[in-house]
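Since the structure comes first, as structure tokens, the remarks are kept for the end.
Every number in this text was worked out from the coordinates using simple rules, so none of it is lab data. Worth saying up front: this structure is predicted, and the values here are computed from it rather than measured. Cβ placement follows ideal geometry from the backbone for every residue including glycine, while neighbour counts extend to all protein chains displayed.
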Amino acid sequence: MTNSPEAQVPHPMARDEQGQLKPEDDSILEGAVWSEIEYLTMDPKHQHEKPYELRFQAGGAIPETNMVDEPKKVLIRNFRPLENAQNLEEYGFSASKIECSLPSAEFDDKKKVGKIYYPAIKRMLWHKFPEATQIRILEHSLRKRDPEFPATNKPFFKNVQPSTIAHMDYSIYSAARTAQGAFNMAPGQYQRLITVNVWKSLQGPGNDWPLALCDWRTLDRPSESVVVDVVYSQDFTENESVYYSPRHKWYYFKDLREDEVIVFQQTDSSLPSGGGVAHASFHNPDTDENAAPRSSIELRAFIFYV
């Protein structure tokens with residue numbers, strides 16, 4: 001498995017001899033929706049001032065961020081007609097079935113998640129990355145959409161809400177730093193490190209504010225993303241925000257089932273591009289208005305090749 005966006009696959013933005021985009025297969029456009037994804041606004045100051053955001057209350061001494069995001073309307077295609085065994089290599093993401101006996105209603109129980117769900121995910125990841133030496137799970141987080149989200153006049157929500165901003169969870173540096181801090185794996189102890197996220201809907205078919213994923217072949221990470229400092233009161237990490245390009249191709253998995261998860265890469269130390277999939281949540285205009293608000297779990301795993 002190469003897991004490489006540089007793999008020789010047909011480019012998804014193929015053009016004809018006149019330079020016009022070729023029409024897409026109708027099956028790909030069936031289920032596609034127009035919605036908004038927030039991108040980082042280009043700002044000249046970021047050439048000399050690193051973008052950052054604070055994840056703690058600084059008492060007004062420092063602005064919470066020096067970034068501005070802007071919504072862009074994009075076409076988000078239904079990925080179902082494109083599913084095959086090479087999706088992870090070609091697009092950077094895929095859907096996989098898992099066998100897990102933990103009911104969705106019990107994912108609030110961290111001990112049960114660690115005891116039942118984590119092993120199920122590791123089994124699935126070993127199947128996808130059979131040549132890996134170690135697969136370690138870092139953590140997981142839950143998101144539960146408030147019925148009022150995305151209201152802007154509400155000061156806070158009880159639960160973590162869907163993220164509408166296009167981003168990647170790690171930079172190459174922060175992935176290596178986290179591997180050393182969490183698993184005592186220094187860069188010299190492995191030849192390759194891949195970080196992946198595993199996303200699962202906990203609310204049925206998963207069409208309410210679902211996860212959108214950008215085909216990694218359509219994003220030029222060096223020029224279209226920027227490393228951001230994420231600062232906590234006692235620590236910091238880095239993620240990457242994304243600048244808009246009309247080349248980006250976005251997808252979602254329509255009607256994600258209870259026994260399915262989405263696996264998507266965030267970094268790959270063996271690739272010059274970094275090997276990450278930008279992602280965000282979006283308002284799905286085709287969602288049944290009576291559907292339950294989104295509830296989901298996202299897990300982060302580190303895959304080592306020694």
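Sparse packing (at most 15 other Cβ atoms within 10 Å of the Cβ) combined with a DSSP loop state is found for the following GluC sites (Glu not before Pro) in the range 53-115: E64, E83, E99.
Once you divide the Cα radius of gyration of the range 31-88 by 2.2 N^0.38 Å, the number left is 1.75. Counted over the chain with a bin width of 10 Å, the fraction of Cα pairs per bin, in whole percents, is 5, 26, 37, 25, 6, 0. The chymotrypsin sites (Phe, Trp or Tyr not before Pro) of the range 198-238 meeting both criteria, a DSSP state outside H, G, I, E and B (loop) and at most 11 other C-beta atoms within 10 angstrom of the site's C-beta, are Y232. The loop-placed trypsin sites (Lys or Arg not before Pro) in the range 126-234, going by DSSP, that have at most 10 neighbouring Cβ atoms within 10 Å of their Cβ come out as K158. With θ taken as phi - 60° and the Karplus curve 6.51 cos²θ - 1.76 cosθ + 1.60 applied, the whole-hertz 3J(HN,Hα) list for the range 73-89 is 7, 9, 8, 10, 8, 6, 7, 3, x, 9, 5, 7, 5, 9, 4, 5, 5 Hz, x standing for glycine and proline. Pair-distance distribution of the range 173-288: all C-alpha pairs, bin width 10 Å, starting at 0; shares per bin in whole percent are 12, 36, 33, 17, 2, 0. Structural descriptor for the chain: relative contact order 30 percent, calculated from alpha carbon pairs under 8 angstrom and at least 6 residues apart. Reported to the nearest whole Å, the Cα centre-to-centre distance from the range 45-82 to the range 205-280 is 13. Straight-line cross-link reach from K122 at under 20 Å between alpha-carbon atoms covers these lysines, not counting any fewer than eight positions away in the same chain: K97, K110, K111, K112, K200.
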